[in-house]
Amino acid sequence: MKSTKRILSGVLTAAMLLGLTACDEEPAVSGGASAGNTPGAPAVTTTVATTTTDPDDNAPTDAGVKEVGTDAYTPDGNSGTIVWLGYYDLITDGSASEQYKIFNSELYGGDIEYVSTTSGAAYFEKLATMISSDDSPDIVRYEWQSFPTGMSKNMYEPLDGEIDMTSPLWSGMAETAERFAYKGKHYYYPYRITTNFALNYNRKSLEEYALEDPYDLYMNNQWTWDTFKQLLIDWCSADDNHIGYAGEGAMSFIATTGTSLVKVQEDGTAKNNISDINVSRAMEFCSDLYRNGLTYQNEIGDWVSPQLWADNSDRILFLGMNPEWTYGAAAGQVQNKQGAEDDICNTVSDFAFVPFPRDPQADKYYIAYDTFGYLIAKGAKNKKGALDWINLCRVYETDPAVNATKKQEAVNPEPVYFTSGKYEGLQKWALVWDERQYDLWQDMMDPSKFSFTFDDCWGFNDDLKTICNTILFDPMFHGESFTKLSAEYSPVIDSIING
């Protein structure tokens, strides 16, 4: 290690909580939600989901320090101030606060100016206004509509030749970056592959009915559509009050076939795959779950959040939701009550997750995935500083020492105590990961362990999002005919993606 910089560290912040703020603008939805709702986000909304709502939660603690190496990327210490347009503050947010401390140190000599906006359409409107007035931010986060819509509207700087994808730092990411190339140019170099959705469950609930643990089925290469469906049948047959599946619609099942609803081609045109035989097979499988009474029917509300599911996980077997979010949010719901006196610390919860089951007809084990990273806005004034930030995020993601610390903090976190405020002297709750779940979570982001499928249907406009949600949710949760919906909406999809 050429040199290191000692940085104040929170416990299990950036790595564990990245997905908690790294969501797209769409809120997550659950089975039974109205067709007009948007899909579950690839990663979740805020750190509030897994931390206490206590106002003193951010009070000072005795958290330790991390060391970050500079072998993979050596900054010159002159990154300067970069302007960040976003709907959360990188300086304080769990997804990037550790990286900010490094960026703000002498090692990088950088700082971040936060320009606040709201998510969704207002975000892109604000970005367009700043660009047109020659007041561009330097960095913005990747959103689903960044590709292809943002790129087609010339909102970002091409980064070809600016980031060395052949370097050890970016090893393994070239194919992913190529996936987001638009008309021969590269605007987006994701520094992290993230999980999309998984099947979350409570181990204790399965044990009570002597049902097989899906993790064991997965490890024995027996976790398929068929074994998943049989487990739902066994669960729902055991008690009339039981619910088999709630959460994400059919998208994750389509992904296991290796197919997507919409695929953007290298020349910028897009292909509508709604008539593909694999899409039809997956939709028929999901429709059959509804016909057999195995899917959620709004029994406890329109949307089942991870927290609500945690309180009802003895009734709802599977929640199809982002595992990084759900694992922490469910544990926090049970262990991290308001206040600190009664928190359950240093304890692994009964919650678990597995990937969506393998398509028995597929040639590989495909799962949906997502990515996270930053783009440089068109007209950025501090492009160098923005590139330093992007490379720093990749360093933080890949540094072996940092990753070893991340895992240690995940599965065996050192107790941290409040040093002031009304909870002074009490231990601050922290999520404790089951080691095998942590390893599986890492595997689900490893292209050597899974084949990844990404659907471009969310990258166009709100009309297409609504259409896709209708197609993906209504047959699975409301009994609508996929054949009928496909015939009705396919021409509309064509007009939107290539209009």
What is the sum of charges around residue 181, taking Lys and Arg as +1, Asp and Glu as -1, for the other residues whose C-beta is under 15 Å from the C-beta of residue 181?
-4
Between residue 451 and residue 420, what length comes free when the chain is fully extended (0.36 nm per residue of separation minus the Cα-Cα distance, one decimal in nm)?
6.4 nm
Using unit Cβ charges (K, R positive; D, E negative) and no other charged atoms, how large, in debye to the nearest 20, is the dipole of the range 70-158 about its Cα centre?
340 debye
Here are some pairs, 407/449; 101/381; 126/183; 381/407; which of them have Cα atoms lying more than 30 Å apart in this structure?
381/407
Could you tell me which residue out of 322, 304, 348 lies farthest along the dipole of the range 295-359 toward its positive end? Charges go on the beta carbon: Lys and Arg +1, Asp and Glu -1, centred on the Cα centre.
322
Selection of GluC sites (Glu not before Pro), the range 246-322, meeting DSSP coil and at most 12 other Cβ within 10 Å:
266
Return the Rg/Rh ratio of the range 84-140 with Cα-based radii and a Kirkwood Rh.
1.03
Could you compute the net charge surrounding residue 493? Neighbours are other residues with a C-beta less than 13 Å from the C-beta of residue 493; K and R count +1, D and E count -1.
-3
Tell me which residues come under 5 Å, amide H to amide H, from residue 262 once H is placed; ignore anything under 5 positions away on its chain.
273, 456, 457
Quotient of Cα radius of gyration and Kirkwood radius for the chain, i.e. Rg/Rh, equals 0.96
Two decimals is fine: what is log10 I(q)/I(0) at q = 0.10, 0.19, 0.20, 0.22 Å⁻¹ for the range 195-318, from a Debye sum with one equal scatterer on every Cα and no solvent?
-0.36, -1.11, -1.20, -1.38
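Show me the GluC sites (Glu not before Pro) within the range 73-116 that DSSP assigns to loop and that have at most 12 other Cβ atoms within 10 Å of their Cβ. The partial results should precede the final answer.
Values: sites: 98, 106, 113; in loops: 106.
Here the GluC sites (Glu not before Pro) that fit, given the DSSP loop and packing criteria, are 106.
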Calculated from DSSP helices alone, with each H run of at least 4 adding -39500 (n - 2.57) and the total divided by the residues of the chain, [θ]222 nm to the nearest 500 comes to -10000 deg cm²/dmol
antiparallel share of DSSP beta bridges within the chain, to nearest 5, in %, is 60 percent
In nm, what is the difference between 0.36 nm times the number of residues separating residue 275 and residue 212 and their Cα-Cα distance?
19.1 nm
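Read-outs: derived from the displayed coordinates by stated rules, not from any lab. Everything numeric in this text was worked out from a predicted model, so none of it was measured. For neighbour counting, all protein chains shown are included, and Cβ atoms are generated from backbone atoms with ideal geometry for every residue, glycine included.
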